[in-house]
1. Ranked by Cβ crowding within 10 angstrom, fewest neighbours first, how are 111, 136, 67 ordered?
2. Can you order the peptides 120-132, 77-89, 151-163, 38-50 by their average number of other Cβ atoms within 10 Å per residue, highest first?
3. Between residue 151 and residue 43, take the C-beta separation as r, use R0 = 35 Å, and let me know the FRET efficiency to the nearest 0.05.
4. Could you please rank 137, 91, placing first whichever residue has the fewest other Cβ atoms within 10 Å of its Cβ?
5. If each of residue 105 and residue 68 carries a label point 7 Å out from its Cα toward its Cβ, how far apart are those two points in nm?
6. Relative contact order for the range 47-171: what is it in percent, counting Cα pairs under 8 Å that are at least 6 residues apart?
């Protein structure tokens with residue numbers, strides 16, 4: 001994929017990665033980042049809410065309302081991704097591909113792109129196609145063995161839903 005097309009596709013998907021729409025609203029029921037909702041999002045994320053975990057990952061990755069911290073972004077995106085949240089899976093793939101917050105690992109990146117492409121809702125074919133294209137672009141830079149390993153990991157991946165603990169915190 002051409003670098004400019006890749007950048008355009010990433011720009012199209014980026015609001016979804018952070019759980020926001022183009023206006024920056026978290027969703028119809030939650031206040032925008034500008035209203036300082038970090039505490040509420042953190043509370044919901046701690047409760048195991050995958051959407052809030054995805055949002056918190058985006059906040060840390062982009063320094064919105066918190067200091068930019070890629071390791072924290074990865075932590076929250078991983079929790080959402082493990083529950084099956086496709087935007088977080090895509091975001092985790094980009095972090096592994098770029099080596100932000102985690103060591104660069106093309107096998108893990110490709111796995112998460114494959115999982116995300118298969119998990120976006122059928123009502124969201126654009127983001128599914130974008131995740132698929134990112135996976136194909138990355139695979140073009142890989143040899144057959146690592147690609148096969150990423151495909152195996154993606155096939156074996158299963159969501160793990162979080163349950164809040166007695167203290168109200170997930171995990």
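Read-outs: derived from the displayed coordinates by stated rules, not from any lab. Owing to the predicted nature of the structure, the values given are computational and were not obtained by experimental measurement. Heads up, the Cβs are rebuilt from the backbone with ideal geometry, glycines too, and the neighbour counts pull from every protein chain shown.
1. By the 10 Å Cβ count, ascending: 67, 136, 111.
2. Details: 120-132: 15.5, 77-89: 25.2, 151-163: 12.8, 38-50: 18.8.
Per-residue mean Cβ counts within 10 Å order the peptides as 77-89, 38-50, 120-132, 151-163.
3. Details: r = 37 Å, r/R0 = 1.07.
Result of the calculation: an efficiency of 0.40.
4. 137, 91
5. Between residue 105 and residue 68, the simple spin-label model gives 2.4 nm.
6. Working: 197 pairs, mean separation 29.8, N = 125.
After rounding, I find 24 percent.
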